[in-house]
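Each value in this text was obtained by applying a stated rule to the coordinates, not by laboratory testing. All figures in this text were calculated on a predicted structure; none of them were measured in a lab. Because the Cβ atoms are built from the backbone with ideal geometry, glycine has one as well, and the counts that use them run over all protein chains shown.
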């Protein structure tokens, strides 16, 4: 060990610098594990398991951040209800009564539940893979869909959790959230690493498009979108969540359009094909993270709407008052996510369609 690292967060987890071959001038020695040139394949077996574990941590952190913010909002009394803001005699209310705080709390709740659902959903495919192997077989569809979802689990979830902890959870507490008296300031510092190690978000975007979509010839993405399509065409809900289902259908179409656009740019990199230009690959690279986040939004909306369908069924039966509040919260989270998040996917499609090479053409000295 030649040095201890001083980090922004996760300070209780000491990490250090290792330098091989400097003790008594003895050169470092290595051993080949497996076949030559097989290292990357071995690495992915390890790192993709690690990516799943990273997400479990950031989802838990976002969840507890939200619960801390919710508790604070319910007990912090400030100002009158907005409908009586001009009335000096109006009683003061908890900030959870204020519209923007309520928006913030529903944003945190819907994303916390969506990211948790994405982890569990991905784990179901891992279970299918494991069960097939136990029987001496392979479930190639489950393997491929699991591979497709892992960049979302690692990249999408960590980005959403980190941003929401800072912009919504901590913000709910106001200046108090900046103090060490409350735990959220630590959550913000600690969660940032989740977007960095085991592959930064940009790497997850590249992995998603080039390895999990193009190399797979779109089979896993096709299986996933077909499942979402089956949900959208299912009449079981009897028209429930009609607006939200329409938003999901539009979001799915937008993501598919972005994928098609990027594949078109990739094909157009061949200079021997018409006006092909190898620089078109830059247009792909400029949209890989955008695709990652947009696909994550669509898959999470799908999972939340599935939960809402189950909640509606439960609410039609005999439930306790506590369970009724729980299921009503599930419906509200799904509706809020669909109405406030999915429309942004259409905007991301428009940006992708307008992609040019400005970012690559500008001189580095001008950056």
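Once you sort the root eigenvalues of the Cα gyration tensor of the range 1-68 as a ≥ b ≥ c, which label holds: rounded (a/c under 1.5), prolate (a/b larger than b/c) or oblate (the other case)? Oblate, since a/c reaches 1.5 and b/c is not below a/b. Mean residue ellipticity, 222 nm, helices only, the chain: the sum of -39500 (n - 2.57) across DSSP H runs of n ≥ 4, divided by residue count and rounded to 500, is -20000 deg cm²/dmol.
At a Förster radius of 41 Å, what calculated FRET efficiency corresponds to the Cβ-Cβ distance of residue 351 and residue 26, to the nearest 0.05? Efficiency for this residue pair is about 0.15. The modelled label-to-label distance between residue 19 and residue 203, using points 7 Å beyond Cα along the C-beta direction, is 2.4 nm. Once the convex hull of all Cα atoms in the range 202-358 is built, its volume per residue stands at 120 Å³. Taking a point 7 Å from the Cα of residue 182 along the Cα-to-Cβ direction, the residues of the range 83-118 with backbone N closer than 20 Å to it are 92-113. Using a simple spin-label model with pseudo-atoms 7 Å out from Cα toward Cβ, residue 127 and residue 82 lie 4.1 nm apart. What is the calculated FRET efficiency for residue 219 to residue 366, with r their C-beta to C-beta distance and R₀ = 41 Å, to the nearest 0.05? Plugging the Cβ-Cβ distance into 1/(1 + (r/R0)^6) gives 0.45. Using the Cβ-Cβ distance between residue 75 and residue 227 with R0 set to 41 Å, the FRET efficiency works out to roughly 0.45. Spin-label pair residue 322-residue 358: with each label point 7 Å from Cα along the Cα-Cβ axis, the two points sit 5.5 nm from one another. Translational diffusion of the range 149-236 was estimated from the Stokes-Einstein equation, with Rh taken as the Kirkwood radius over Cα pairs; at 25 °C and 0.890 mPa s the coefficient is 160 µm²/s. Derived value for the chain: Kirkwood hydrodynamic radius 23.3 Å. Basis is the mean of 1/r over every pair of different alpha-carbon atoms. Multiplying the residue separation of residue 313 and residue 277 by 0.36 nm and removing their Cα-Cα distance gives an extension gain of 7.5 nm.
Distance from the Cα centroid of the range 1-63 to that of the range 173-224 is 18 Å (rounded to whole angstrom). Pick from 75, 225, 83 the residue whose mean-square fluctuation is largest in a GNM of the chain, springs joining Cα atoms under 10 Å. Answer for the Gaussian network model of the chain: 83. Peptides 294-303, 11-20, 255-264 ranked from most to least packed, by the mean per-residue count of other Cβ atoms within 10 Å: 294-303, 255-264, 11-20.
Note on the chain: GNM, Cα springs under 10 Å; of 251, 218, 136, the largest mean-square fluctuation is that of 136.
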